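Read the structure below first, then the notes.
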Amino acid sequence: MIKRLLLIFLVLITLHSIGQETSYSGDPDASFFKARDLAFAGNRASARDTLKRILDKYPDYTDVRNLLAKTYSWDEEYDAARLEFNRVTSKERKNSEAWIGSIKNEQYAKNYLIALGLANKALMYLPENQELAVLNQDIVQQIEDQQLLQNRLKDTKLEDESTQAFTVYTEAEVFDRELDPMYYGGLEYQKKTKWGVLIPRLNYNRRFNINGVQAEVDAYPRFSKSLSGYLNYGYSGDPIFPKHRMGGELVKELPKAMEASLGFRHLVFEQDAATILTGTFGLYRGNYYAVLRPYMVPDARKGLGISGNLLVRKYLKDGNNYWGVNLVYGFDTELNQFIVNGQLLAETLLYLESQRLRLEYQFTNKKGNNQYKANLGVNRQELAFSSGSFFVSVTAGIAYQVKFR
């Protein structure tokens, strides 16, 4: 019994000695400056250890607590930073450094409404503080920008941590005339890079009881925050596709939630070639995005072929979930080519009258790594071998995409 009591006594003495050794006993100001240098040099974990030891003995040293909160915020530990800033502002209502740090912490966390509330509260205690007034205006602008669909779509892309994706899609088309059903399908791989997005794709079509395969690749380079591009090349040795397909486009973001682009498509067939000039004008309003794309085919013999394509989408919770409607009027920009007496009428079809209506719906699972898309359309097009006569067709298709790092 006595031995046990002696053992407990020795343990208590040892723990007390260790506590005395680890408790802070230095110069708080000198330690603060040392911790600040460590934090600015990037050694924030070491800086926090020193700051916490100072606060154990001097809990009201606000410069130390402000710096501690900032190091948490810099390391994206926004909840811990919020707690430390609140401890200062609840006691020192006119501590501008704490208010500014607290507001910026919520900005970094993208809690703009909370940041605005803090800024308004800080201005009640410090109404003449110009830095707080500027912060308040910046937050109001951030809230307005966040509500713009154009920026919400950008945020969807930035927040998507997936760098790769596989997509498989299929579609069928049936006609009201004697034409056989047509089938379309494909497989694509998407890779995000530092410069943009690369998408190699393999397309399969069965039209007029002829099977065909086309290999193509899309590239979407980004040159700056407001300027991006589109490049395309495709090849096929089968008669129901162009032998070569090329395209390029520049896309420019404009003020007031608008964008415009200018580009071309060039198609090479066995006996001829065609160049299509195109561009877009897009508009973002509320949860809606509308883009008009004209197509023009200049030809010395046939004149100018013109077509218009209008796409309207209503976005739901983010940029990957939406309803859409697509309208086409003019020549057939999809190049659904016809064969008459064994001859492919590819170029001729660019001048046939066509109207298309397509509905689309895209949605994701809860995690956002699986994406689904369905479309349903009706088409009315002039027959290549009977001018003024039209056929009607119905299309339906589905696509599935899986994303991964």
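Hey, among the residues in the range 64-76 that are crowded, with 18+ Cβ neighbours inside 10 Å and out of contact with any Asp or Glu (no Cβ under 6 Å at 6 or more places or on another chain), which one's farthest from residue 103 (Cα to Cα)? For the range 64-76, the residue satisfying everything is 64. Scan the range 23-32 and tell me whether some residue there is in a helix (DSSP H, G or I), more than 26 Å from residue 138 (Cα to Cα) and touching a Ser or Thr at 6+ places or on another chain (Cβ under 7 Å). Looking for residues that are in a helix (DSSP H, G or I), more than 26 Å from residue 138 (Cα to Cα) and touching a Ser or Thr at 6+ places or on another chain (Cβ under 7 Å), one finds at least one in the range 23-32, hence yes.
To keep it simple, each residue is scored yes or no on (1) of a type outside the set (A, V, I, L, M, F, W, C); (2) within 18 Å of residue 238 (Cβ to Cβ); (3) out of contact with any strand residue (DSSP E or B) (no Cβ under 8 Å at 6 or more places or on another chain).
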{"position": "184", "(1), (2), (3)": "yes, yes, no"}
{"position": "195", "(1), (2), (3)": "no, no, no"}
{"position": "199", "(1), (2), (3)": "no, no, no"}
{"position": "207", "(1), (2), (3)": "yes, yes, no"}
{"position": "214", "(1), (2), (3)": "yes, yes, no"}
{"position": "218", "(1), (2), (3)": "yes, no, no"}
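Quick one: in the range 183-216, which of the residues that are touching a residue at least 40 places away in the same chain (Cβ under 8 Å) and among the hydrophobic types (A, V, I, L, M, F, W, C) is surrounded by the fewest Cβ atoms within 10 Å (Cβ to Cβ)? Selected residue: 210. Based on what the data block shows, is residue 285 surrounded by fewer than 18 Cβ atoms within 10 Å (Cβ to Cβ), modelled with pLDDT under 90 and either closer than 30 Å to residue 317 by Cα or not assigned by TED's automatic domain parsing to the domain that holds residue 305 (or both)? Yes. Looking only at residues of the range 359-405 that are among the charged types (D, E, K, R) and at pLDDT 95 or above, we find that the one that is nearest to residue 308 (Cα to Cα) is 360.
Among the residues of the range 213-239, those that are over 19 Å from the mean Cα position of the chain (by Cα) and modelled with pLDDT under 90 comprise 237, 238, 239. Restricting attention to the range 244-277, the residues being touching a Phe, Trp or Tyr at 6+ places or on another chain (Cβ under 6 Å) and either in a loop (DSSP other than H, G, I, E, B) or in contact (Cβ under 8 Å) with a residue 40 or more places away in the chain (or both) number 2.
In the range 99-135, the residue that is surrounded by the most Cβ atoms within 10 Å (Cβ to Cβ) out of those that are farther than 16 Å from residue 89 by Cβ and of a type in the set (Ser, Thr, Tyr) is 112. Within the set 220, 230, 204, the sole residue that is part of a strand (DSSP E or B) and under 14 Å from residue 279 (Cα atoms) turns out to be 230.
Listed by position, the helices (runs of 4 or more DSSP H) contained in the range 89-170 that have at least 2 residues being modelled with pLDDT of 80 or more are 96-108, 112-125, 130-147.
Evaluation of residue 83 against the conditions (1) of a type outside the set (Gly, Ala, Ser); (2) at pLDDT 90 or above; (3) surrounded by 15 or more Cβ atoms within 10 Å (Cβ to Cβ) shows that the sole unmet condition is (3). The single residue among 97, 92, 77 that is free of Cβ contacts under 8 Å to residues at least 60 places away in the same chain, among the acidic types (Asp, Glu) and more than 26 Å from residue 27 (Cα to Cα) turns out to be 77.
The values are calculated or read from the model by the stated rules, or taken from the named source; none is laboratory data. Note that this is a predicted model, so its numbers are computed, not measured. FYI the Cβ positions are ideal-geometry reconstructions off the backbone, even for glycines, and counts take in every protein chain you see.
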